[in-house]
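See below for the structure under consideration.
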Amino acid sequence: MSYIVFDLEWNQSNSGQEPEIGELPFEVIEIGAVKLGQGREMISGPEGEDTFQERVSPVVYRQMHYITGRLIHMDTKELRKGRPFPEVVERFLAWCGEDPVFCTWGPLDLAELQRNMRFHEMEPLSRGPIAFLDVQKLFSLAYEDGKSRRALEYAVDFLKLEKDIPFHRAFSDAYYTAKVFAGLEEEILKNVSYDIFNPPLTRKDEIKIQFDGYVKYISRQFEDKNEAMADHEVTSTRCYLCRRNLRKKIRWFSPNGKNYYCVAFCQEHGYLKGKIRLRRADNGMIYAVKTTKLIPPEDVEGILEKRSHMRQQRRRHRKKAARQE
C-alpha cells in the first residue's frame, strides 16, 4: 500500500460553444503526484523516483482559458505539448502501483479525473464510491474547526513549511499537499472521505461508516426522491452507540426538497439528529447521503423552529395559490 498524493490542472471553454461542454466541462491538462510509503515518509525534494509529472494535450479546449492561463502560467503553445490523455493516465495508474490510497487537496480532483476517463472511454477507476483522503478537510480537523476549508498555501504558511517551488501547477500543489499530509497525526487519517462519482449500484454496495461523533450512510441509486424516501434503510433512525432502532420525535421533513431532517430519542444516549441529502448522479438517478449524530437537547428547538418555518411558508404558498385561482 502507498499513498498517492495527486493534483490536476484543467482547462475550460473560452467561448461556451463547444458541444462537449455538457460531457466535459473541465479538461485535464496536467497531472502531478507524489508517492509516499506506508509510514508517509517524505521525499527529500521536488525531484525523484517517487514523483509523477505529465502534461496532457487537449482534444476539446485547444485554447488556454485566459484566467486559467494566468493562474498556472501556461499559454496555448505549452498547452499543446503534452501527451494524449489516455496515455498519460495509463502511465499514471501504472506508476501508482497496487492498492493506492489517493490523497487530494479538496474533493474535486478524483471526480474530474473519472469524468475525463469516461469521456475518453477508458475503463473506470471503480464501479462504485472510492475511499480517499481529503487533506484539506484533514488539515481543518487537525488545526481548526473541521468545517473551514483553507487554500493550500494558507496551510503551508500556517505550518511554516518551506516554499521551495512555485504554487499553482499540478506537481507543485501535489508536492505541498504531500508535505502537509506527512505532518498530520495518524489519528486524523481515520476521517476518510468518499468520492461518489459512481454511487453504489446495489444495497450490498452501500456505504456505512462510523466516525467520532456521527455515522455516514451512502445509499444505492433510486429512480426519484419519492422512491428514495420510501426506502426503510434511507429513513431509518438507529442509535450508532447501542444499535437500537429509535422512534422519531420529529419525523422527516424538508425545507427545500433536497435536504431532510429528523430527530429521534435514545433512552440511553439522548437525542439524535438525522440529515438526508438527496443527490443526483450523472445518469439521472437519485441517491441519499445520510448522517446521524448525537445532539444536546437545546439543539432540538432549532430543528423545531426550522420545521415551523417550513410549514408557515407552505401555508403562505397555498393561500397565494388559492387567491390566484
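Only the coordinates and a few stated rules stand behind these numbers; no lab work does. These figures come from a predicted structure and were not determined experimentally. Note: ideal-geometry Cβ built from the backbone for every residue, glycine included; neighbour counts use all protein chains shown.
Amide H to amide H distances under 5 Å link residue 214 with no residue, where only residues 5 or more positions off or on other chains count and H is placed in the peptide plane. Scaled to the globular estimate 2.2 N^0.38 Å, the Cα spread of the range 2-193, given as radius of gyration, is 1.01. Packing order of peptides 254-265, 25-36, highest average first: 25-36, 254-265 (average count of other Cβ atoms within 10 Å over each peptide's residues).
The modelled label-to-label distance for the pair residue 269/residue 226, using points 7 Å beyond Cα in the direction of Cβ, is 3.4 nm. Can you count the Lys pairs in the range 121-240 whose Cα atoms are under 18 Å apart, with each pair 8 or more apart or on different chains? Summing the qualifying lysine pairs gives 12.
Sorting check: for 209-216, 160-167, which peptide has the highest mean count of neighbouring beta carbons within 10 Å, and how do the rest follow?
Numbers: 209-216: 13.4, 160-167: 11.2.
Packing order, densest peptide first, comes out as 209-216, 160-167.
Put a plus charge on the Cβ of each Lys and Arg, a minus charge on the Cβ of each Asp and Glu, and nothing anywhere else: the dipole of the chain about its Cα centre is then about 2760 debye. Taking packing as the residue-averaged number of other Cβ atoms within 10 angstrom, the listed peptides 189-200, 170-181 run from highest to lowest as 170-181, 189-200. Considering only alpha-carbon pairs that sit under 8 angstrom and 6 or more positions apart, the relative contact order computed for the range 199-321 is 23 percent. Full extension of the segment from residue 2 to residue 259, taken as 0.36 nm per residue of separation minus the current Cα-Cα distance, would add 88.9 nm. Counting only Cβ charges, +1 for Lys and Arg and -1 for Asp and Glu, the dipole size of the range 64-209 around its Cα centre is about 420 debye. Relative to one another, the C-alpha centroids of the range 216-282 and the range 137-197 are positioned 32 Å apart. For residue 146, which sequence-distant residues (separation of 5 or more, or a different chain) have an amide H within less than 5 Å of its own amide H, given hydrogens modelled in the peptide plane? Amide H neighbours of residue 146, under 5 Å, 5+ apart: 141.
Which listed residue (278, 308, 261) has the Cα farthest towards the positive end of the charge dipole for the range 177-325, taking +1 on Lys and Arg C-beta and -1 on Asp and Glu C-beta about the Cα centre? Ranked along the dipole, the leading option is 308. What the Cβ-Cβ distance of residue 277 and residue 57 gives, at R0 = 45 Å and to the nearest 0.05, is a FRET efficiency of 0.75. The mean sequence separation of alpha-carbon pairs under 8 Å and at least six residues apart, normalised by the residue count of the chain, gives a relative contact order of 14 percent. 3J(HN,Hα) along the range 68-85, derived from phi through the Karplus expression 6.51 cos²θ - 1.76 cosθ + 1.60 where θ = phi - 60°, amounts to 4, x, 5, 5, 9, 6, 9, 9, 4, 4, 5, 4, 8, 8, x, 8, x, 3 Hz, with x in place of Gly and Pro. The slack in the chain from residue 163 to residue 151, taken as 0.36 nm per residue of separation less the alpha-carbon distance, amounts to 2.9 nm.
In the chain, taking the dipole from charged Cβ atoms about the Cα centre, the farthest positive-side position among 322, 139, 117 is held by 322. Sequence-ordered 3J(HN,Hα) estimates for the range 101-110 from the Karplus curve with 6.51, -1.76 and 1.60 and θ = phi - 60° stand at 9, 6, 10, 9, 8, x, x, 8, 5, 5 Hz, glycine and proline given as x. A cut-off of 5 Å between modelled amide H atoms, ignoring neighbours fewer than 5 places along the same chain, links residue 266 with 271, 272. Applying the Karplus relation 6.51 cos²θ - 1.76 cosθ + 1.60 with θ = phi - 60° to the range 184-198 yields 3J(HN,Hα) values of 6, 5, 4, 4, 5, 5, 6, 7, 6, 10, 10, 7, 10, 4, 10 Hz, where x marks Gly and Pro.
Evaluated with a Cβ-only charge set (Lys, Arg +1; Asp, Glu -1), the range 226-317 carries a dipole of roughly 260 debye about its Cα centre, given to the nearest 20.
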